[in-house]
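Structure, as structure tokens:
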Amino acid sequence: MDKYAIETNLLTKKYRHTTAVDQISLQIVQGEIFGLIGENGAGKSTLMKMLSGMVNSTSGDFKIFGHKPSEDKYLYRRMGVLIEEAGLLGSMTAFDNMKTKALALGFNDDKRLCELLELCDIAHTGKKKVKTFSMGMKQRLAIAMTLIQDPDLLILDEPTNGIDPKGFESIRKLLIRLNKEERKTILISSHILEELNKVATSYGIMKKGKLIECVTNEELNQRCRQYLQIKVDSSSKASMLLEQMLSIYSYAVIDKNTLHVFDEVSSDKIIKMLVMNDVAVYSCMLNSQSLEEYFLSRNGGIE
């Protein structure tokens, strides 16, 4: 039986006449990297703030590792949070930033702080001031600061936003290492599905405060694979023939005139078979849906 790091039950947040998060019920298994994807204003940050105790919910509830916050006053110590600004002090070094945060948390172990800087590839910065860091370096330092209390769960709100490809790759490797080697469950948000796909094991898609879909990485990649799009006069008849004549079962009937065939079969073979069985074929082309196209389709396309 799966153990859940996060469980929400109809979790809702309203601001006067605006519903920022609308009755979200979600389960995130321990050990996952769960990617929360949605456009700006979809409610991702608000959901993360409720889970991290930064804002109160209007209704509904949630559990972290099987416990409600009201049941365990130390529950939030199992959580490392990076939402919006990290609160870095630009005039101080990376270590001094870590030390300041650690003392505020009642933590005093310089050796452990140095180990975290090493883990996040920031130890080499020495006496360099944080204000001179690149965006990627600042974000890795911010992640290091979330690790001070050795949390079991990390909640990271768009940690790769505004970072160049090299910086993104460094953070991607860090998150995977934290998940695989340090056994951290990670909830990470982004509005770019292509980025999350390089990190996440499962996804939740949000739109206008609602959770509209949850998929695993395997399911997502399956839906975005290549396919033959075939236009015919009768998709119902064509689908029956695909099964009976060519033993093709991996297909989807899109509408009365359109099929998507996912099996790797020669298009010439399919067209010949259909025509010989009195099915008119109007077109047949190889297509694929990118991750971003899939995300846009789930969000109603480009407005």
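The values are calculated or read from the model by the stated rules, or taken from the named source; none is laboratory data. Source: prediction; values computed, not measured. Positions of Cβ are backbone-derived with ideal geometry, glycine not excepted, and every protein chain shown enters the neighbour counts.
Numerical summary
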item: Residue 91 being surrounded by fewer than 17 Cβ atoms within 10 Å (Cβ to Cβ), assigned to a loop (DSSP other than H, G, I, E, B) and of a type in the set (Gly, Ala, Ser); result: yes
item: Test: residue in the range 69-77 that is outside any strand (DSSP E or B), of a type in the set (Gly, Ala, Ser) and without any contact (Cβ under 8 Å) to a residue 24 or more places away in the chain; result: yes
item: The range 108-137, residues that are in a helix (DSSP H, G or I), surrounded by fewer than 19 Cβ atoms within 10 Å (Cβ to Cβ) and not small (Gly, Ala, Ser); result: 110, 111, 112, 114, 115, 118, 119, 124, 125, 131, 132, 135
item: Pairs with Cβ under 7 Å, 6+ apart, first in the range 187-208 and within 16 Å of residue 162 (Cβ to Cβ), second of a type in the set (Lys, Arg); result: 189/44
item: Subset of the range 220-239 [assigned to a helix (DSSP H, G or I) and farther than 18 Å from residue 264 by Cα]; result: 220, 235, 236, 237
item: Considering residues of the range 138-170 that are more than 25 Å from residue 78 (Cβ to Cβ) and of a type in the set (A, V, I, L, M, F, W, C) only, the residue surrounded by the fewest Cβ atoms within 10 Å (Cβ to Cβ); result: 168
item: Residue pairs meeting the criteria (Cβ under 7 Å; at least 6 apart or on separate chains; first without any contact (Cβ under 8 Å) to a residue 40 or more places away in the chain, in the range 221-246; second assigned to a loop (DSSP other than H, G, I, E, B) and of a type in the set (Ser, Thr, Tyr)); result: 243/249
item: Residues (touching a residue at least 24 places away in the same chain (Cβ under 8 Å) and either among the polar types (S, T, N, Q) or not in a helix (DSSP H, G or I) (or both)) located in the range 166-181; result: 170, 179
item: Conditions (1) part of a helix (DSSP H, G or I); (2) among the hydroxyl-bearing types (Ser, Thr, Tyr); (3) touching a Ser or Thr at 6+ places or on another chain (Cβ under 6 Å): number failed by residue 46; result: (3)
item: Single condition residue 199 does not satisfy, out of (1) under 30 Å from residue 186 (Cα atoms); (2) surrounded by fewer than 18 Cβ atoms within 10 Å (Cβ to Cβ); (3) of a type in the set (Val, Ile, Thr); result: (2)
item: Selected residue [in a loop (DSSP other than H, G, I, E, B) and of a type in the set (A, V, I, L, M, F, W, C)] from 215, 199; result: 199
item: Selection from the range 244-303 of residues that are among the β-branched types (Val, Ile, Thr) and closer than 14 Å to residue 226 by Cβ; result: 261, 265
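Quick grid of which residues meet (1) of a type in the set (Lys, Arg); (2) modelled with pLDDT under 85; (3) in a helix (DSSP H, G or I); (4) within 26 Å of residue 219 (Cα to Cα):
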{"site": "259", "(1), (2), (3), (4)": "no, no, no, yes"}
{"site": "279", "(1), (2), (3), (4)": "no, no, no, no"}
{"site": "294", "(1), (2), (3), (4)": "no, yes, yes, yes"}
{"site": "301", "(1), (2), (3), (4)": "no, yes, no, yes"}
